[in-house]
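Input: a single structure, listed below in structure tokens.
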Amino acid sequence: MSSKGNEKEFEQKEIQPKSGIGMLFLITICWVISMGIIAVGGILLARESYVEGGVFLTIGIILTCIVPIFYGGLKVVGPNEALVLTLFGNYYGTILKQGFYYVNPFVSFNNPIYYREREQAKAVSMERAKGGHVESVRITAKKIVSLKNMTLNNGIQKVNDVLGNPVIIGAVVIWRVKNPTKAVFNVEDYTEFLSIQTDSTIRNIARMYPYDLIEVEEEQGESEKTLRGSAQEIAESMKEELSKRVEFAGLEVEEVRITHLSYAEEIAAAMLQRQQATAIIAARQKIVDGAVSMVKMAIDKLGDEEIVVLDEERKAAMVSNLLVVLCSGKDTQPVINNGSIY
């Protein structure tokens, strides 16, 4: 156990316990023998050998009461599971391999999730009892610590981006317990610890970036990462920061994914109008660029092939008419001039 500032960090100690099969067989034999001793004591008492019978009977009763205690040392650990044990308040060791084992019968398991669900179940049961219901609440958590990959759906939360705009963002975290000893002893409840650290990480990372590239170009005149355009890179940044925060608790973050991203309701309508206006301006710019190119091509082609010779005034009128036709958002009505253009 090492000291880290004011926090005590427990170093994991893997134990190699005895096989549970052999000990189960041995304890059962001892229990059968103890009951046999009681039977012998009864027979001796029936033959009026009170001293020997009393001794055998006393020994048999004591053994019959003591031997079942040793069944408490039998432990089962499944695949991707770990059992963190303490003995009289001291850290005893951790079983990391699957199997059927025998340890000190006085050790106790440690899993904060199990204790939390048990307390919640007691509270719910008491509430139901007050209402006249006697149905018990089932506890789904186990005494062991699961090492499997798990998913934390952090829901959605409102944060401010780098420009101060309120944004609704949500993320999901793929994680697992890497060091069960640290997860049990270094924090009160490692699942709640992960959830709180995830909230803080998302808020801290989201406020470093703008929501959209349009706002950056208008405010700063340059391009950079945005919440909407660089979701994958920002999720990686969230993963790196979250991994550092939960390392002390023995947790490993496999992946962080942004599942929801939008403006807050109070500015969503205004931002939608802003995006629509930007899109309309961009479309008009492309139309104008194309129209100017087409007008230039038409005038150059008429002059090169000497179809008609126009002075500067007539070229200006032609340019004006063509631009009106090409840039208009509605269908144009042609007008035929049957007189002289002069």
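The values are calculated or read from the model by the stated rules, or taken from the named source; none is laboratory data. Please read all numbers here as calculations on a predicted model, not as lab measurements. Every residue, glycine among them, receives a Cβ derived from its backbone with ideal geometry; neighbour counts consider all protein chains shown. Surface areas here come from the heavy atoms of the whole protein model, side chains and all, with no ligands, DNA or RNA. Shrake-Rupley method; radii C 1.70, N 1.55, O 1.52, S 1.80 Å.
Odds and ends about this structure:
- Hits in segment 86-110 - residues which are touching a helix residue (DSSP H, G or I) at 6+ places or on another chain (Cβ under 7 Å) and either surrounded by 20 or more Cβ atoms within 10 Å (Cβ to Cβ) or free of Cβ contacts under 8 Å to residues at least 12 places away in the same chain (or both): 94, 101, 102, 103, 110
- The set of residues in segment 15-29 that are assigned to a helix (DSSP H, G or I) and either open to solvent by 70 Å² or more (accessible area, probe 1.4 Å) or polar (S, T, N, Q) (or both) comprises 21, 25, 26, 28.
- Among (1) surrounded by fewer than 14 Cβ atoms within 10 Å (Cβ to Cβ); (2) closer than 30 Å to residue 101 by Cβ - the single one residue 37 does not satisfy: (1)
- Qualifying residue in segment 126-145 (condition: assigned to a loop (DSSP other than H, G, I, E, B), modelled with pLDDT of 85 or more and polar (S, T, N, Q)): no
- In summary, residue 279 fulfils each of the numbered conditions (1) within 59 Å of the chain's Cα centre (by Cα); (2) at pLDDT below 75; (3) not in a helix (DSSP H, G or I) with the single exception of condition (3).
- For the residues 170, 229, 250, the requirement of being surrounded by 15 or more Cβ atoms within 10 Å (Cβ to Cβ), under 30 Å from residue 13 (Cβ atoms) and either touching a strand residue (DSSP E or B) at 6+ places or on another chain (Cβ under 6 Å) or touching a residue at least 12 places away in the same chain (Cβ under 8 Å) (or both) singles out 250.
- Condition check for residue 183 on (1) open to solvent by less than 40 Å² (accessible area, probe 1.4 Å); (2) part of a helix (DSSP H, G or I); (3) modelled with pLDDT of 90 or more: one failure, at (3).
- Among the conditions (1) open to solvent by less than 90 Å² (accessible area, probe 1.4 Å); (2) at negative phi; (3) at pLDDT below 65, the only one that residue 219 does not satisfy is (1).
- Any hit, segment 71-85, residues being farther than 21 Å from residue 181 by Cα, in a helix (DSSP H, G or I) and either modelled with pLDDT under 80 or open to solvent by 40 Å² or more (accessible area, probe 1.4 Å) (or both): yes
- Of the residues examined, residue 54 is one that is out of contact with any strand residue (DSSP E or B) (no Cβ under 7 Å at 6 or more places or on another chain), in a helix (DSSP H, G or I), at pLDDT below 85 and open to solvent by less than 70 Å² (accessible area, probe 1.4 Å).
- The set of residues in segment 186-206 being open to solvent by 10 Å² or more (accessible area, probe 1.4 Å) and within 25 Å of residue 97 (Cα to Cα) consists of 186, 187, 188, 189, 191.
- Within segment 163-182, the only residue that satisfies the criterion of being basic (Lys, Arg) and touching a helix residue (DSSP H, G or I) at 6+ places or on another chain (Cβ under 7 Å) is 182.
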